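Before any comments, here is the structure.
The values are calculated or read from the model by the stated rules, or taken from the named source; none is laboratory data. As the structure is a computational prediction, the values presented were derived from the model and not from experiment. Because the Cβ atoms are built from the backbone with ideal geometry, glycine has one as well, and the counts that use them run over all protein chains shown.
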Amino acid sequence: MADLTTNFAGIRCPNPFWLASGPPTNCGDQVMRAFDAGWGGAVWKTIGEPIVNVSSRYSSVDWNGQRMMGLNNIELISDRPIETNLREIAEVKKRYPKHAVIASLMVDSKRDVWHDIVKRSEDAGADGLELNFGCPHGMSERGMGSAVGQVPEYSCMITEWVKEVARTPVLIKLTPNITDIRTVARAARRGGADALSAINTINSITGIDLDTFTPRPYVGGSSSHGGYCGPAVKPIALHLVQQIASDTEVGIPISGIGGIAGWREAAEFMLLGCGTVQVCTAAMHYGYRIVEDMIDGLSNWMDEKGFRTLDDFRGLSVPKVTEWKHLDLNYKIVARIDRDTCIGCDLCYIACWDGAHQCIHIDGHSRPESLEAASHARLTVTPIAKLDALQAANGKKTPPERIPKVDEAECVGCNLCWLVCPVANCITMEQVDTGRPAQSWEQRCQQH
Amino acid sequence: MSSAALHVERNLEQFPDLHPAFDSQAALAEANRCLFCFDAPCMGACPTHIDVPRFIKKIASGNLRGSAVTILDANILGLSCSRVCPVDVLCEGACVMHRYNKLPIEIGRLQRFAMDTFYAKGAHLPPVAQTGSQRIACVGGGPASLSCAAELRRRGVAVTVFDNRPLPGGLNTYGVAEYKLRPADSLREVAMVRSLGVEFRQAEVGGATPLDELEGEYAFLFLGMGLGAMERMGIPGEQALGVIDALRFIERYKTLPDFSVGKTVVVIGGGNTAIDAANAARRLGAQDVHLFYRRTETEMPAFSFEYDRSKVEGVQFHWLAQPVAILEQEGRAAAVKFVRTALGQPDASGRRKAEPVPESEFEFPCDLVIPALGQSRLTSLLESTRGVELKGGSIVVDRATGRTANPRYYGGGDCVNGGREVVDAVADGKRAALAMVAQLQVNHG
């Protein structure tokens with residue numbers, strides 16, 4: 001049985017699944033219920049001078065009938081008094097000593113103000129501090145959040161202030177709303193940060209109401225840009241995590257955030273070097289109970305792969321990301337279509353013709369237009385069972401003429417047909433021997 | 001049929017929808033399940049070639065008017081077809097989802113959702129201005145003629161539909177079982193065709209309105225008058241009270257509020273109309289409904305899903321029995337006398353012939369007898385149409401154009417194909433319309 005116990009920059013907890021700072025960690029009662037559900041840690045809703053929120057606060061992007069592919073919020077930090085938050089942190093830590101409670105902090109950019117909030121948080125019993133340099137809306141207009149995280153010098157300076165007094169590990173939460181996230185990651189490291197959290201939400205406008213012409217979320221006739229998160233942002237987050245994980249000037253632990261909803265995403269972030277992962281949107285969508293399958297699924301996957309601890313696989317994928325110029329130009333794959341499992345939807349065919357390289361074909365037709373014209377011209381009548389010798393549409397077997405064929409000589413191995421095929425393992429991308437040794441673009445340039 | 005009254009209210013309770021309508025949430029979820037196949041098999045399997053994935057994706061995108069117009073562009077009777085089409089052997093039968101180990105997309109119900117939404121909004125198709133002075137006549141007011149007339153009108157041609165009944169729509173209005181299609185929906189479609197500018201006239205073509213007269217007034221005549229009355233059994237006692245053929249039976253219960261069926265009903269025949277009549281008899285209150293067919297389950301021409309549904313309705317099936325007489329009591333049918341049959345060699349249709357077994361007669365008491373032996377051909381009208389070739393009572397046409405041997409005459413629907421589905425009639429009418437429009441252009445540059 002895999003061991004999920006975690007030691008992240010000195011913060012210990014039963015598993016690497018933390019709730020990210022946000023609505024699910026707004027108060028002590030919530031955090032205790034989350035720990036009961038199985039979460040290993042929680043980053044408290046950002047503590048600072050209480051703010052006033054607006055209503056409404058969230059908007060989302062639905063896709064093909066699925067809700068909340070992406071979520072956007074314009075909520076600010078905690079609207080509760082600092083003392084209340086700290087009192088509840090103390091209570092949670094008393095009742096759940098083995099779970100990690102991280103205080104997320106955001107205050108005015110003044111040394112003594114930061115000193116004060118750090119001391120009070122640690123006195124309350126926080127296991128670590130996460131400095132919120134990432135929140136992209138509202139607070140940034142007041143010189144906090146991403147206004148700090150977008151300027152490496154500010155990030156370094158405030159990290160230094162915090163480290164002057166902090167006794168617990170200090171995490172810096174990074175904003176993705178910056179040209180090169182590594183500049184701030186390095187600055188945080190220079191300032192003495194113990195770890196990084198990445199990524200915070202991405203600046204976004206999720207959509208516009210086509211009746212009122214007002215973007216969402218709607219607040220009294222207007223809207224404002226928010227922070228985007230949820231499944232849609234995972235690829236962006238993975239890339240930014242990879243950027244800082246592979247940067248030799250950074251070299252401190254990373255708590256991965258961005259679109260993590262299950263054990264698969266968690267494993268992906270860990271393979272790119274993360275020590276813990278943080279979840280918010282998925283818990284907002286389905287509740288704390290989702291952590292059960294995250295723990296169970298990750299354990300089963302680790303058992304299957306022979307990984308005993310999280311350290312056994314953390315970072316394994318980092319060296320597999322390289323620059324394009326190092327990729328092998330002589331590696332070649334082609335698409336193969338399995339005629340037995342093809343259902344004849346012909347999505348690969350039209351995708352190849354309109355979106356790729358015109359190398360998937362249907363017998364008897366030189367172009368998609370001639371196929372469509374032939375179908376339109378065909379005379380079809382309703383088959384009358386038992387009178388029409390059963391020429392009735394037989395859905396059980398794919399008509400051979402609907403099964404496309406790949407011209408392997410022309411196939412560039414782009415993957416598009418394989419991506420659009422709805423049937424598992426029907427299209428496979430198979431390696432063919434080019435007879436040429438591996439050679440990258442860089443090597444080719446050097447030769448000439 | 002002298003009365004225009006269609007009795008609707010009672011039927012709503014006795015004949016609830018066979019397939020209940022989708023609400024918008026369910027329609028959206030189902031629409032999103034569609035893979036959006038290229039050159040989709042469902043479209044190919046539809047005689048009218050409705051672009052099924054296109055109208056389904058328009059439901060998913062929230063473009064409901066566009067969805068309905070996509071359907072109507074291919075099939076002006078999209079509403080009735082969504083109700084009456086045997087989708088199992090058409091679009092849904094061809095759905096690739098069968099091979100995806102999943103249920104096919106519920107295309108029929110999605111089409112109904114799009115059409116119901118369109119009609120509920122009181123929406124219309126834009127009228128098209130008339131171009132040219134040529135006029136075309138459509139004989140008969142059923143699906144083939146409605147489709148032909150709508151297609152012609154949408155292409156700028158002036159059209160008149162001649163129908164001998166008080167209400168147009170043909171079997172859609174008078175002859176389709178209530179749990180599939182309500183008369184009100186058929187009449188909505190008629191109103192839609194009328195709103196395009198098609199003129200409707202109630203007239204007995206071939207009778208008070210001779211074809212000669214129409215030939216003088218119209219450039220082309222489209223023959224879409226369907227079939228005649230149902231075939232007689234040709235046995236003693238057939239004229240007795242309490243014997244009513246299936247189409248008249250369906251028409252009667254749809255128009256007479258107090259139509260009653262008695263306790264025991266015998267239906268004779270193995271086609272889809274026999275099944276419709278048997279189901280209707282059950283719903284109208286008959287305790288026992290017995291369907292007799294001279295062959296067996298294997299040879300029965302009804303769709304297998306119709307047969308399955310009928311068993312659920314409680315209809316009892318009897319194979320290998322052929323009626324030889326209706327026995328009367330006080331002038332009313334009281335029993336049917338059958339003879340047992342045995343299957344012999346295959347006949348022209350490829351099915352084994354039912355041959356009477358000597359001395360195997362038996363009597364079956366009942367209150368109502370409903371023969372459903374198929375419709376006769378309307379040959380009397382056609383005999384006067386010079387140069388229109390007939391074969392086996394059906395009009396012979398070039399299938400791609402619907403053109404008869406007389407170039408002034410086109411034809412489609414049941415009078416051409418011998419009696420198929422509404423969607424086949426719509427496809428015939430549309431093809432003939434396109435061919436006539438092309439011919440008008442040839443004739444007049």
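Some values worked out for this structure:
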item	result
Any hit, the stretch A:355-373, residues being within 10 Å of chain B (Cβ to nearest Cβ), within 30 Å of the chain's Cα centre (by Cα) and modelled with pLDDT of 95 or more	no
Where B:PRO236 falls short, out of the listed (1) outside any loop (DSSP other than H, G, I, E, B); (2) more than 24 Å from B:SER304 (Cα to Cα); (3) touching a residue at least 12 places away in the same chain (Cβ under 8 Å)	(1)
A:LYS320 being charged (D, E, K, R), loosely packed, with under 12 Cβ neighbours inside 10 Å and within 13 Å of chain B (Cβ to nearest Cβ)	no
Residue among B:ALA348, B:ALA342, B:ALA400 that alone is of a type outside the set (D, E, K, R), exposed (fewer than 13 other Cβ atoms within 10 Å of the Cβ) and in the same structural domain as B:ASP424 (by TED's automatic domain parsing)	B:ALA400
Selection from the stretch A:127-146 of residues that are touching a helix residue (DSSP H, G or I) at 6+ places or on another chain (Cβ under 6 Å), touching a residue at least 12 places away in the same chain (Cβ under 8 Å) and among the small types (Gly, Ala, Ser)	A:GLY134, A:GLY145, A:SER146
Residue in the stretch A:325-338 that is out of contact with any helix residue (DSSP H, G or I) (no Cβ under 8 Å at 6 or more places or on another chain), touching a residue at least 60 places away in the same chain (Cβ under 8 Å) and within 14 Å of chain B (Cβ to nearest Cβ) present	yes
Extreme residue, surrounded by the fewest Cβ atoms within 10 Å (Cβ to Cβ), among residues of the stretch B:427-445 that are within 11 Å of chain A (Cβ to nearest Cβ) and in contact with a helix residue (DSSP H, G or I) (Cβ under 8 Å, 6 or more places away or on another chain)	B:ALA427
Any chance A:LEU347 is modelled with pLDDT under 95, under 22 Å from B:GLU92 (Cβ atoms) and within 14 Å of another protein chain (Cβ to nearest Cβ)	no
Test: residue in the stretch B:307-322 that is among the hydroxyl-bearing types (Ser, Thr, Tyr), under 13 Å from B:GLY269 (Cα atoms) and buried (at least 16 other Cβ atoms within 10 Å of the Cβ)	yes
Members of the stretch A:197-217 that are in contact with a Phe, Trp or Tyr (Cβ under 7 Å, 6 or more places away or on another chain) and hydrophobic (A, V, I, L, M, F, W, C)	A:ILE202
Residue in the stretch B:18-60 that is nearest to B:CYS148 (Cα to Cα), counting only those that are within 23 Å of the chain's Cα centre (by Cα) and more than 10 Å from chain A (Cβ to nearest Cβ)	B:ILE50
Residue satisfying condition, being in contact with a His (Cβ under 7 Å, 6 or more places away or on another chain) and in the same structural domain as B:TYR253 (by TED's automatic domain parsing), within set B:PHE303, B:PHE292	B:PHE292
Qualifying residue in the stretch B:288-302 (condition: crowded, with 24+ Cβ neighbours inside 10 Å and of a type in the set (S, T, N, Q))	no
Members of the stretch B:126-166 that are in contact with a Lys or Arg (Cβ under 7 Å, 6 or more places away or on another chain) and assigned to a loop (DSSP other than H, G, I, E, B)	B:VAL128, B:GLY141
Looking only at the stretch A:406-431, and only at residues there that are outside any loop (DSSP other than H, G, I, E, B) and surrounded by 14 or more Cβ atoms within 10 Å (Cβ to Cβ), the one that is nearest to the other protein chains (Cβ to nearest Cβ)	A:VAL420
